[in-house]
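Structure record follows, encoded as structure tokens.
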Amino acid sequence: MRLKILEQTSTLLKLQLKPAAILYWFFGGLFVAGGVLLITTLAKTTTFTCNRFEPTQQSCQLITKSILKSQVKNWKLKEVLSAKLDTSTTGAGNSYPLLLLTRDGSISIDLVNANSTQKKSKAAQINAFLKNSQKAKLTIYEDSRLWTYPLGLFLIASGAVCIIYMLMNNIIICIFDKTLDKATIKREGWFSKKVVEAKLSEISGLNMDAVAIDTVTGTNSTSYNIVLNSVSDKNIYLAAGPMFTAKSAEQTVDAIATFLKLD
């Protein structure tokens, strides 16, 4: 929050408070983009099946469905040679891709949830099925949407809250008028405007209301809001939420307390 003293006399104090909008846009945009990217790239279902029901219906099929597209590939069973881990490269989750080798080349079976050990086990299942003519059907299925959708939607919602929060608190004007015995707090957002008023004579003190926030790095940061304590127990918050840094909160409290001659 950036503090600017618009006007100050012995009877009037007018402050302008503006949030550091670039941070809200940055983190809001980052979370939204991360959530969208997570859902569009990792949220998918993968189904690989092979059948030996009848001599004319011996086939394999790989179906991959995501929110943006679906892919279906079909082979005759005799065209599928084997499966293996491609140890020459790494795929999603820093694990080796699972490759299906066919007469036309190789194709990756994209298993987002599986690590290299699990993919190696899937490759062994495929190879065992191909070698055992007595097995009628093989199915390998994975649905990564069970965790990517909730996490992606959570990131999108968190980003949207950051952006909306900033838009709702675009600028705050605080007017303390001793002549009128009135304190006026104007919160002006892009979509709304709110005005809170109180008598100066009823303001008994100022507090910095601290809120600990967990960051994406796993560390904690503290944001503050400033509270005007009232003798009528109807406390007034300058911002709609904790938007002050420790430094900006102290500067604002000092300016108001000095003007009102509060301890």
Restricting attention to the range 54-103, and to residues there that are in contact with a helix residue (DSSP H, G or I) (Cβ under 7 Å, 6 or more places away or on another chain) and loosely packed, with under 13 Cβ neighbours inside 10 Å, which single residue is nearest to LEU130 (Cα to Cα)? ARG103
Six or more apart or on different chains, Cβ atoms under 9 Å: show the pairs whose first residue is in the range 166-185 and on the phi > 0 side of the Ramachandran plot and of a type outside the set (A, V, I, L, M) and whose second is surrounded by fewer than 15 Cβ atoms within 10 Å (Cβ to Cβ) and not in a helix (DSSP H, G or I). ASP181/LYS199
Select from the range 240-263 the residues that are crowded, with 17+ Cβ neighbours inside 10 Å and either modelled with pLDDT under 85 or closer than 17 Å to ALA212 by Cα (or both) and list them in ascending order. PRO242, MET243, PHE244, SER248, ALA249
If we scan the range 173-190, do we find a residue that is more than 17 Å from VAL253 (Cα to Cα), of a type in the set (Asp, Glu) and touching a helix residue (DSSP H, G or I) at 6+ places or on another chain (Cβ under 7 Å)? yes
Which residues, counting only those in the range 84-99, are touching a residue at least 12 places away in the same chain (Cβ under 8 Å) and over 25 Å from TRP147 (Cβ atoms)? LYS84
Given the condition at pLDDT below 85 and either surrounded by 13 or more Cβ atoms within 10 Å (Cβ to Cβ) or out of contact with any His (no Cβ under 7 Å at 6 or more places or on another chain) (or both), answer yes or no: does some residue in the range 193-209 qualify? yes
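The values are calculated or read from the model by the stated rules, or taken from the named source; none is laboratory data. Since this is a predicted model, take the numbers as computed values, not measurements. Here Cβ is always computed from backbone atoms with ideal geometry, including for glycine, and neighbour counts include all displayed protein chains.
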